[in-house]
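J.: Could you have a look at this structure, given as structure tokens, before my questions?
The values are calculated or read from the model by the stated rules, or taken from the named source; none is laboratory data. Model, not experiment: these values are computed from the prediction. Here Cβ is always computed from backbone atoms with ideal geometry, including for glycine, and neighbour counts include all displayed protein chains.
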Ligand SMILES: Cc1ncc(C[n+]2csc(CCOP(=O)(O)OP(=O)(O)O)c2C)c(N)n1
């Protein structure tokens, strides 16, 4: 067997079931091996940002890595923004990046670049296979690296001759590190500050935002009066009716500061200490108020749920916690379409167990508030702030969970970065309903212009934020890629088309005119 076959067999036996791919000449042996071995589902993306964003969505839902297959430095570079988002999501990810044959590199052929140099800033683990006999072992090490808590980005660079030369056979997965238990002092310290009666917040991320962690946090809050607060952007939050509800730290600096204003103790539970997304003149970078002490109960890679269990026990927390009630915000008939009324309609009709992808930007706050008491669902956010992930993320989530409905709340400007994902959804028959939030602008940037005090601006600056010349034909774009699509200009049309999307078993797009 050749190196490529030994690698595909290694990945499959390590549990990799899907390869999101956009290959080229240097990856042809790998493509042939995928076909020959047959244990890994291949999903073609027509742009590398689709490939990497889909791998992220898959990993967030499946809790294990997919692999990507990308073409040398330029192909990988095209996908990096969503590798960045995956890394910020702590999503396990194995990138296989083809490169020129080792002996060909010296000739500086057109596609030659420093692939390791491209990979390093966006990966936690990078290796270039030296030859075909090391490829299997390197592949197994890449999967183990990706699965190291809390989830990492591993990039294996595969020279073409390491693919096609003779190899020994697949390699076993080395032992994967588990989540380290937190030190007893971290638990007793958290217990001490929560018992103090001083205003405290459990600031939550990662596993703390999945049902077992949420219930434990809810019980601790019920006992101590601590507030539960999630990071602004999270890989996956389990929320909706029947679950312990958390608020999210708002994105705008002033709102975030107001949320944390009176807090005396901030207990980090699988989260990073909160900082402002950007610096703004005259606003702080660190969002923690001066009187507030920060305590780490569990870092993102530690045993977050175990730490919450130990803390609940130490505090003698009750066995149950109050959960979110079902809320229905029915928009009144004839109401105009706004983010709020649209979100109310979607919240009402959201199917049980949906996966909601939020790249709604200026409409996100409305959707978050109106889905708080909707049927229970998973909520996926743009963890790294790099836009152009919504459609790919939904694509990967649908591959991971074929029995669940995926709802993609997608702002129009962001959608245009990776719109090709719609084609993959059609080709794979993925059950994704996209609500395309068509405001024909980069609306958030207009707010940011004001927030930054950039002064009175003229037409030239504002023109950088308008997408209406020409207006995008979203129904035409979706249908052109094989996705059923309808336009909604009234709430009644939104409700009708959303119900049709929910009923349909394949991809569906609603062009929601805001
Ligand atoms: C990769 C990347 N490029 C550019 C930006 C800067 N950026 C942030 S928001 C935004 C526009 C978003 O517009 P849209 O998706 O239409 O949402 P809206 O603000 O209209 O709700 C841009 C260009 C970014 N965050 N990430």
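J.: Does residue 421 meet the test of being under 20 Å from residue 42 (Cα atoms), within 17 Å of the chain's Cα centre (by Cα) and away from the ligand (no atom under 16 Å from the Cβ)?
T.: no
J.: Something else now. Go over the candidates 77, 109, 101 one by one and state the one that is more than 22 Å from residue 234 (Cα to Cα), within 16 Å of the ligand (Cβ to nearest atom) and surrounded by fewer than 20 Cβ atoms within 10 Å (Cβ to Cβ).
T.: Step by step, each of 77, 109, 101 is checked, and only 77 is more than 22 Å from residue 234 (Cα to Cα), within 16 Å of the ligand (Cβ to nearest atom) and surrounded by fewer than 20 Cβ atoms within 10 Å (Cβ to Cβ).
J.: Follow-up question, since we're still on this one. Could you say which residue among 313, 302, 293, 325 is at pLDDT 95 or above and under 21 Å from the mean Cα position of the chain (by Cα)?
T.: After ruling out the rest, the residue left standing is 302.
J.: Report whether or not residue 484 is away from the ligand (no atom under 16 Å from the Cβ) and either surrounded by 13 or more Cβ atoms within 10 Å (Cβ to Cβ) or within 15 Å of residue 394 (Cβ to Cβ) (or both).
T.: yes
J.: Continuing with the same structure: Cβ contacts < 7 Å: first residue in a helix (DSSP H, G or I), restricted to region 437-449; second residue near the ligand (Cβ under 8 Å from one of its atoms), any location; separation 6+ or different chain. Result?
T.: Going by the 7 Å Cβ cut-off, the qualifying pairs are 443/362; 444/361; 444/362; 445/465; 446/465.
J.: Let me ask another. Looking at region 1-46, which of its residues are out of contact with any strand residue (DSSP E or B) (no Cβ under 7 Å at 6 or more places or on another chain), assigned to a loop (DSSP other than H, G, I, E, B) and surrounded by 22 or more Cβ atoms within 10 Å (Cβ to Cβ)?
T.: Listed by number, the list holds a single entry, 14.
J.: If you don't mind, another one. May I ask you to list the residues in region 450-481 that are within 15 Å of the ligand (Cβ to nearest atom), farther than 25 Å from residue 277 by Cβ and in a loop (DSSP other than H, G, I, E, B)?
T.: Selection gives 468, 469, 471, 472.
J.: Go through (1) under 22 Å from the mean Cα position of the chain (by Cα); (2) over 20 Å from residue 487 (Cα atoms); (3) not in a loop (DSSP other than H, G, I, E, B) one by one and return the number of the condition residue 430 breaks.
T.: Single failed check for residue 430: (3).
J.: Follow-up question, since we're still on this one. Out of all the residues in region 250-270, which are in contact with a helix residue (DSSP H, G or I) (Cβ under 7 Å, 6 or more places away or on another chain), outside any strand (DSSP E or B) and crowded, with 20+ Cβ neighbours inside 10 Å?
T.: Answer for region 250-270, where residues must be in contact with a helix residue (DSSP H, G or I) (Cβ under 7 Å, 6 or more places away or on another chain), outside any strand (DSSP E or B) and crowded, with 20+ Cβ neighbours inside 10 Å: just 270.
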